[in-house]
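The structure appears below as structure tokens.
Read the figures in this text as sums done on the coordinates, not as results from a lab. Source: prediction; values computed, not measured. FYI the Cβ positions are ideal-geometry reconstructions off the backbone, even for glycines, and counts take in every protein chain you see.
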Amino acid sequence: MVVTIVQGAFLPVPALMGGAVEKMWFKLGQEFAAKGCTVFHISRKFQDFPDEEIINGVQHIRIPGFDTPKSLLHLKIYDLIYTLRLRKIVPEESDIVVTNTFWAPVLLPPKWIRRSYVDVQRMPKGQ
């Protein structure tokens with residue numbers, strides 16, 4: 001099985017700036033790889049992280065992202081731009097696409113939308 005994990009536009013993987021969701025999927029990707037899955041993990045380019053690397057059997061692909069803006073409107077616009085970038089690189093052979101980006105469930109090609117797992121992980125602040 002080919003699993004593609006798509007992280008959001010604002011935090012790097014491996015997580016350096018917080019990011020409980022990023023930490024969780026970083027570890028789960030390694031577990032899937034250990035069980036024999038081919039795993040691609042797409043996340044934000046950050047500092048000196050290479051554009052592509054393999055960590056514990058997981059192929060990491062990094063694309064340009066953004067620093068988190070203060071404006072919710074800007075956040076959604078940046079997420080849209082990021083999602084349009086990642087559409088071009090989600091591996092064709094993906095059996096399932098896991099995402100917690102806002103726009104991916106709407107903008108991914110139909111063959112991946114039917115096979116996607118949307119991991120919202122959004123809680124009100126303070127919980």
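Distant-in-sequence amide contacts of ILE55, defined by a placed amide H-H separation under 5 Å and a gap of 5 or more residues or a different chain, comprise HIS60. The angle between the Cα long axis of helix 72-87 and the longest principal axis of the Cα atoms of the chain comes to about 20 degrees, rounded to the nearest 10. What the Cα convex hull of the chain gives, in volume per residue, is 107 Å³.
So if R0 is 25 Å, what FRET efficiency would GLN30 and LEU73 give, r being the distance between their Cβ atoms, rounded to the nearest 0.05?
On the way: r = 36 Å, r/R0 = 1.42.
Computed FRET efficiency for GLN30 and LEU73: 0.10.
Couplings 3J(HN,Hα) for segment 39-49, derived from phi with the Karplus relation 6.51 cos²θ - 1.76 cosθ + 1.60 (θ = phi - 60°), are 10, 10, 10, 9, 8, 6, 5, 7, 6, 9, 4 Hz, where x marks Gly and Pro. Axis of helix 20-34 versus longest Cα principal axis of the chain: the two differ by about 10°, to the nearest ten degrees.
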